[in-house]
1. Any residue at all in the range 19-37 that's within 16 Å of ligand 1 (Cβ to nearest atom) and farther than 22 Å from LYS248 by Cβ?
2. Exactly one of these conditions fails for ARG177: (1) out of contact with any helix residue (DSSP H, G or I) (no Cβ under 6 Å at 6 or more places or on another chain); (2) farther than 15 Å from ALA138 by Cα. Give me its number.
3. Condition first: surrounded by fewer than 18 Cβ atoms within 10 Å (Cβ to Cβ) and free of Cβ contacts under 8 Å to residues at least 60 places away in the same chain. Now tell me which residues in the range 330-357 satisfy that.
4. Tell me which residues, restricted to the range 30-41, are among the aliphatic types (A, V, I, L, M) and either touching an Asp or Glu at 6+ places or on another chain (Cβ under 8 Å) or open to solvent by 60 Å² or more (accessible area, probe 1.4 Å) (or both).
5. Just checking, how many residues over the range 345-367 are among the charged types (D, E, K, R) and part of a helix (DSSP H, G or I)?
6. Only one of these is closer than 21 Å to ASN185 by Cα, acidic (Asp, Glu), surrounded by fewer than 18 Cβ atoms within 10 Å (Cβ to Cβ) and modelled with pLDDT under 95: GLU288, GLU295. Name it.
7. Return the total of residues in the range 1-29 being more than 16 Å from ligand 2 (Cβ to nearest atom), surrounded by 15 or more Cβ atoms within 10 Å (Cβ to Cβ) and modelled with pLDDT of 85 or more.
8. Taking the condition surrounded by 18 or more Cβ atoms within 10 Å (Cβ to Cβ) and in contact with a Pro (Cβ under 9 Å, 6 or more places away or on another chain), does TYR209 pass?
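The values are calculated or read from the model by the stated rules, or taken from the named source; none is laboratory data. Remember, it's a predicted structure, so these values are computed and weren't measured experimentally. Glycine also receives a Cβ, built like all others from the backbone with ideal geometry; neighbour counts cover every protein chain displayed. Protein only, heavy atoms only, side chains kept; ligands, DNA and RNA dropped before computing areas. Shrake-Rupley method; radii C 1.70, N 1.55, O 1.52, S 1.80 Å.
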Amino acid sequence: VSVILAKCSKCGQNTPSYEGVFLTVCPKCQGALLLQYDLKQISDLTPRNVFEERDDTFWKFIEFLPIQSENIVSLGEPYTPLLQFPTSYGRFFRNVYIKDDGRLPTGTFKARGMAVVVSKLIELGVNKDVAIPSAGNAASALAAYASSIGLNVFVFMPKDVPESNLKECIYLGAKVRLVDGMINNAAEALRKYKDEYGWVDVSTNKQPYRFEGYKAGAFELAEQFNWDLPDNIFFPTGGGEGVIGLWKGFKELSELGWIEKIPRLIIVQSSGCAPLVEAYEKNQNEVEKPWRNPETIAAGLRVPHPYASYLVLRVINETKGKAMAVKDSDIIQSMKAFFRMGIYACPEAASTLAALTKLKEEGHYDSEEKTLLYITGTAMKYFHLMKMNNDLAYHA
Ligand SMILES: Cc1ncc(COP(=O)(O)O)c(C=O)c1O
Ligand SMILES: [Zn+2]
């Protein structure tokens, strides 16, 4: 493993990576830590063509992950499909691609982060209970990975979490606490207990390992695109760890000289909870106060006050991306459109097509550019929500 140190994304201070210690946040300013590797050494020892000859699995680029191969905890993570947007749907979306992470274990991209962090726990010999506050899918993924190796999982979720996530966690054997309010309140509730019970907290953006799983997604994508990435990537964003991890991957690929161009990262939120969009539009460096009355069917995007908002905004600005908000009604229309293409995109993910459609309607979409819509999860978990909206069913 060639992690040299962990660098604070906020104040820039380096923390030694201390073999044997589970890192959390910057000791000085509580900023999110990003692991730093000796990239040159890795690629000198293992050139790109050697990686390319390996099987297509999530673990293909293991040298760029903070774990040794003997410590991998796997539920069988495939390379996820990279599809071309069907031309029959719309001739205007000629150069559009779709990455479908709904095919990962537990049906969402959250499996990437949890595969890495749970493997790291094994590597460090941490056999304590693990805990997480979650809007739903992160909890399911943690419950699956951690319970597969016999760890106890404690989950704190908003009490109106999607029913499927709740059932999934319970069937996976996690101990679930339902909390009044949003994910922020769930995080507060967890904080009260975790020291007393000695739980390892694997919260979003509060440890550096989960980013690395999304980074592996960046490597996977780059290889699938034959090292020539799209101009734009639309990514549904709540807490932001997915888009941060992807960006970190692109930066490392660029530093390695494996890619030339880093895509513009266009984050998409629901207009019912769009704190990052608001901060972006006001040119702020971070989300200053929580979004009031967050409401959206895209549960994973209901994050009123993202912990690492400063970093998401930096990612957008650095890649010359954008932050866009779309209405839930447009999200539902986009889900239907995806269904007709055979793609079961969850509401969070369907927001990407809603955003692309909006850009096109506004005349800001360049069909000569290559664009990717990142599908972060499957619709299978959300059928009960679609019925609740009474949108797809007619009463006889
Ligand atoms: C399906 C899905 N997509 C997107 C997101 C947003 O991810 P992030 O918190 O990494 O921004 C979530 C978060 O829970 C999710 O479950
Ligand atoms: Zn710091």
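1. no
2. It fails just one condition, (2).
3. Answer for the range 330-357, where residues must be surrounded by fewer than 18 Cβ atoms within 10 Å (Cβ to Cβ) and free of Cβ contacts under 8 Å to residues at least 60 places away in the same chain: GLN333, LYS336, PHE339, GLY342.
4. Let us first name the residues in the range 30-41 that are among the aliphatic types (A, V, I, L, M), namely 32-35, 39.
Scanning the range 30-41 gives LEU35, LEU39.
5. Looking only at that region, the number is 4.
6. Details: GLU288 fails: modelled with pLDDT under 95.
Just a single option satisfies the conditions, and that option is GLU295.
7. Within the range 1-29, residues that are more than 16 Å from ligand 2 (Cβ to nearest atom), surrounded by 15 or more Cβ atoms within 10 Å (Cβ to Cβ) and modelled with pLDDT of 85 or more number 1.
8. Values: surrounded by 18 or more Cβ atoms within 10 Å (Cβ to Cβ): yes; in contact with a Pro (Cβ under 9 Å, 6 or more places away or on another chain): yes.
So TYR209 passes the test.
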